[in-house]
Amino acid sequence: MTARAAHPVGSAPSRPRRPRRGLGELESRIMDLVWSSEEAVRVRDVLGGLSSARQPAYTTVMTVMDNLHRKGWLIRELDGRAYRYRARRSRLQVATDALRELLADSGDPAAALLHFAREATDAETRALTRGLNERRATR
């Protein structure tokens, strides 16, 4: 793999977001940027994409990305003297796992799912119906 010039990836969300379950605020912002990139990113790329009044130091971002690698969120490969990182799982896979975990934590997953279905918006109902129809078609 050839080295490329530093380029910021995506941009951090302008509105505050709740950190993902099990991740801190900076970890969540970094994962958002990694997921928004179509290719593996370097620490410098991520640092350039983080916009905030308190810009973290390069070494802070490097440490957080190393921690995300050790926690299994990121895969890294050496590119010259720097690592390039990519997400181990897609944002959609992580969201699916989080939904399953929330349902399991509810005490009664079936009841929680039915309650959600009853309270769903029209758009959510259409999406659920489409998903169920696709599932039936593949069985």
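What follows draws every value from the coordinates through simple rules; no lab data is involved. Predicted model only: the values in this text are computed from it and were never measured. As a convention, Cβ positions derive from the backbone with ideal geometry for all residues, glycine included, and neighbour counts pool all protein chains shown.
Quick notes on this one:
- Qualifying positions in the stretch 110-139 - among the polar types (S, T, N, Q), farther than 19 Å from residue 100 by Cα and assigned to a helix (DSSP H, G or I): 133
- Condition met for residue 104 (part of a helix (DSSP H, G or I), farther than 30 Å from residue 38 by Cα and of a type in the set (A, V, I, L, M, F, W, C)): yes
- Considering the stretch 20-88, the qualifying helices (runs of 4 or more DSSP H), each wholly inside and each with 3 or more residues that are more than 25 Å from residue 101 (Cα to Cα) and over 16 Å from the mean Cα position of the chain (by Cα), run over 43-49, 58-70.
- A residue that is surrounded by 13 or more Cβ atoms within 10 Å (Cβ to Cβ), of a type in the set (S, T, N, Q) and in a helix (DSSP H, G or I) occurs nowhere in the stretch 91-101.
Here is a yes/no grid of residues against (1) under 26 Å from residue 35 (Cα atoms); (2) of a type in the set (Phe, Trp, Tyr); (3) exposed (fewer than 12 other Cβ atoms within 10 Å of the Cβ):
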{"position": "63", "(1), (2), (3)": "yes, no, no"}
{"position": "76", "(1), (2), (3)": "yes, no, no"}
{"position": "81", "(1), (2), (3)": "yes, no, yes"}
{"position": "110", "(1), (2), (3)": "no, no, yes"}
{"position": "136", "(1), (2), (3)": "no, no, yes"}
